[in-house]
Amino acid sequence: MKRKEKIVVIFVDERIIEYDIDSLLYEARSPFQKIQIMHSKTLGNMLILDELQNIAESDLIYTETLMGRGNENYEGKEICILGGGDGALLYELLKENPKHVVMLEIDELVMQACNKYLNSICGDVLEKRKGDNYEIIVGDCVEYMKKFISEGRKFDYVFGDLTDIPISGAPIGECWDFIRTILEHSFHILKSDGKYLTHGNGTSCVESLELFEEQLRLLKPKVKFTTSKAFVPSFMEEWLFYQVSLA
């Protein structure tokens, strides 16, 4: 990313990516992360968290591949989104006539910024926060999943729209612990025929993707998974997505 002669490296495989950014629209630091909205001449407004590109107005293909549009049937279904603070996934899911969607997002400032500068991808869902068939809850998704487990609440779909799979040589550390916690809790709140859908990382990160798939194989009860991929314009690379269900 190049702005005012400064290059920020955004990578999954050590490449330098340069964007045609012409303005910084928003910048703030929440208790959780640094938040920026920048404008690209070719990609539109872009959400950047801790110097990493997350989503741009050009990236409908990311959301559609994550949700498996055309392959999954969301009509009349109960859905839980973990994360998803840009609002794009919730906005697109509501077009599929679900019974109810609950979105669990920890960062209020991300939602405020996206509501103002990325409403072309999120509509008015981040402004209203609640409708006849959806609700956005601001809080720690892990704590709310624990609450759902204690209540016996179950969903047809759970989306992990949180952190990317870490780029590392071994599945150790805080990020991997978080991923394992999310996976374990997600299958406790999924119906027996439900699905967990998530994004992985760039297809060039073979080792990290294999480490994630190893974690899936270690889950109990056993799960099965499929993958899909798409070239995401603002990532400037092909991204891998996972569809996971009980075996």
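Brief remarks follow.
- For Ile121: the one exception among (1) surrounded by 14 or more Cβ atoms within 10 Å (Cβ to Cβ); (2) of a type outside the set (D, E, K, R); (3) without any contact (Cβ under 8 Å) to a residue 60 or more places away in the chain: (3)
- Residue in the range 53-79 that is surrounded by the most Cβ atoms within 10 Å (Cβ to Cβ), counting only those that are within 20 Å of Asn133 (Cβ to Cβ) and hydroxyl-bearing (Ser, Thr, Tyr): Thr63
- Total residues in the range 212-247 satisfying the condition of being assigned to a loop (DSSP other than H, G, I, E, B), under 19 Å from Tyr19 (Cβ atoms) and not small (Gly, Ala, Ser): the figure is 3.
- Lone qualifier among Glu237, Glu213, Glu184 - being more than 21 Å from Thr65 (Cα to Cα) and either assigned by the TED database to the domain that holds His39 or surrounded by fewer than 20 Cβ atoms within 10 Å (Cβ to Cβ) (or both): Glu184
- All conditions in (1) in a loop (DSSP other than H, G, I, E, B); (2) at pLDDT below 95 hold for Thr42, with the sole exception of (2).
- Boolean, Glu213 is acidic (Asp, Glu), closer than 19 Å to Thr163 by Cβ and touching a Phe, Trp or Tyr at 6+ places or on another chain (Cβ under 9 Å): yes
- Considering only residues in the range 45-97 that are farther than 24 Å from Gly139 by Cα, of a type in the set (D, E, K, R) and not in a loop (DSSP other than H, G, I, E, B), the one that is farthest from the chain's Cα centre (by Cα) turns out to be Glu72.
- The condition of being within 20 Å of the chain's Cα centre (by Cα) and free of Cβ contacts under 8 Å to residues at least 12 places away in the same chain holds for only one of Glu210, Glu237, that being Glu210.
- Out of Thr198, Thr163, Thr226, Thr203, sole residue that is surrounded by fewer than 19 Cβ atoms within 10 Å (Cβ to Cβ), within 27 Å of Ile48 (Cβ to Cβ) and touching a strand residue (DSSP E or B) at 6+ places or on another chain (Cβ under 6 Å): Thr203
The values are calculated or read from the model by the stated rules, or taken from the named source; none is laboratory data. Keep in mind that this is a model prediction, so the values were computed, not measured. No Cβ is skipped: glycine too gets one built from the backbone with ideal geometry, and neighbour counts run over all protein chains shown.
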